[in-house]
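Below you'll find the structure, written out as structure tokens, and then a few comments.
The values are calculated or read from the model by the stated rules, or taken from the named source; none is laboratory data. All of these numbers come straight from a predicted model, not from anything done at the bench. No Cβ is skipped: glycine too gets one built from the backbone with ideal geometry, and neighbour counts run over all protein chains shown.
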Amino acid sequence: MIIDCHGHYTTAPKALEDWRNRQVASLKDPASAPKAADLKISDDELRESIESNQLAKMHERGSDLTIFSPRASFMAHHIGDFNISSTWAAICNELCFRISKLFPDNFIPAAMLPQSPGVAPATCIPELERCVRDFGCVGINLNPDPSGGHWTSPPLSDRAWYPIYEKMVEYDIPAMIHVSTSCNPCFHTTGAHYLNADTTAFMQCLTADLFADFPTLKFVIPHGGGAVPYHWGRFRGLAQALKKPLLKDHLLNNIFFDTCVYHQPGIDLLTKVIPVDNVLFASEMIGAVQGIDPETGHYYDDTKRYIEAAKLSADDRYKIYEGNARRVYPRLAAALTAKGK
Ligand SMILES: [Zn+2]
């Protein structure tokens, strides 16, 4: 089985975006705010939005199951206040849950949180609980920068985040550390802000002792870990200078990287530098980079091709495709086992 741990609902029916636009417009006129119930999307519309897009590509490329969360750039936690984020997160999470019910063999949900800049992360817990309990979410996306590129929140090692970590440990769910739209013109959303955040999250963990407090806490750092694998020597050296344990002991029991790296040399480097036990297959299609690479004639985000071509043993490839995902997402493993898979 091939599990893609990083998929977003980027192809939702336009009614969702229209609803969000009305919600954003209502910031100036709260009386005009749309209600969650105003959004009407039928099962047929949901089916159609998936069958001709993500599901078609999964069949073409040969992946089986996607961990599916709301569109990352649309989370836009910087817009409005906690109540705005809360209603929006609830709607987006429910749509991913409905997709997982319509296509139970191919999609399993992960939740976005109703984060808001300057608001305590603990406020997200009721939505987190609802998503795990009622929707069967197997993970969450945690935004280390709800301000959208201005980095006004404390680092991930700060105790303000601990209530979320306590809940993650209780539920045995990992968090993918995933920012959203950049509203800072210095940072392009997917080309700079995402990769900066991946690198930043890793460094925040390196300088702290978060995993001494939470030995079973798990983070998935997407987009191949940003600059981390490429600069592994720098991070090892910094850890050494800070008198931290070796990175394999300090961070690699808790931090994992996905394979959303869109060329062969990048995947070769990732799988050579980072222990294979810490690499999870992912493509993030249909996402940031949707074109065809003229050098290969294949889609950049068809990452299975790179894993196939990488110098890996069959056992290592199994870990990247399936074994590691089952270990990092125990609720996914339990759901699969319950189905006899
Ligand atoms: Zn993503």
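Name the one entry in Ser182, Ser147 that is more than 18 Å from Val328 (Cα to Cα), of a type in the set (Gly, Ala, Ser), surrounded by 24 or more Cβ atoms within 10 Å (Cβ to Cβ) and at pLDDT 95 or above.
It is Ser182.
Looking at Lys167, Lys218, which one is of a type outside the set (Asp, Glu), under 30 Å from Tyr306 (Cα atoms) and away from the ligand (no atom under 16 Å from the Cβ)?
Lys218
Since Gly266 meets every condition but one in (1) within 24 Å of Ala227 (Cβ to Cβ); (2) of a type outside the set (Asp, Glu); (3) surrounded by fewer than 19 Cβ atoms within 10 Å (Cβ to Cβ); (4) touching a strand residue (DSSP E or B) at 6+ places or on another chain (Cβ under 7 Å), which condition does it not meet?
Every listed condition holds for Gly266 apart from (4).
Of the residues in the stretch 12-44, how many are loosely packed, with under 15 Cβ neighbours inside 10 Å and either of a type in the set (Ser, Thr, Tyr) or closer than 14 Å to Ile99 by Cα (or both)?
Qualifying residue count for the region: 4.
Any residue that is within 16 Å of the ligand (Cβ to nearest atom) and under 17 Å from Asn93 (Cα atoms) - is there at least one of those in the stretch 147-155?
No, there is no match, as no residue in the stretch 147-155 is within 16 Å of the ligand (Cβ to nearest atom) and under 17 Å from Asn93 (Cα atoms).
So which residues in the stretch 178-215 are without any contact (Cβ under 8 Å) to a residue 40 or more places away in the chain, in a helix (DSSP H, G or I) and more than 16 Å from the ligand (Cβ to nearest atom)?
Answer for the stretch 178-215, where residues must be without any contact (Cβ under 8 Å) to a residue 40 or more places away in the chain, in a helix (DSSP H, G or I) and more than 16 Å from the ligand (Cβ to nearest atom): Met203, Ala212.
What are the residues in the stretch 234-259 that are of a type outside the set (S, T, N, Q) and within 20 Å of Lys311 (Cβ to Cβ), if any?
The initial filter retains those residues of the stretch 234-259 that are of a type outside the set (S, T, N, Q), namely 234-239, 241-252, 255-258.
Across the stretch 234-259, the qualifying residues are Phe257, Asp258.
Across the stretch 56-77, what is the number of residues that are among the hydrophobic types (A, V, I, L, M, F, W, C) and not in a helix (DSSP H, G or I)?
Of the residues in that region, 4 qualify.
Just one of (1) part of a loop (DSSP other than H, G, I, E, B); (2) under 29 Å from Gly118 (Cβ atoms) trips up Thr11, so point out which.
Status for Thr11: all satisfied but (2).
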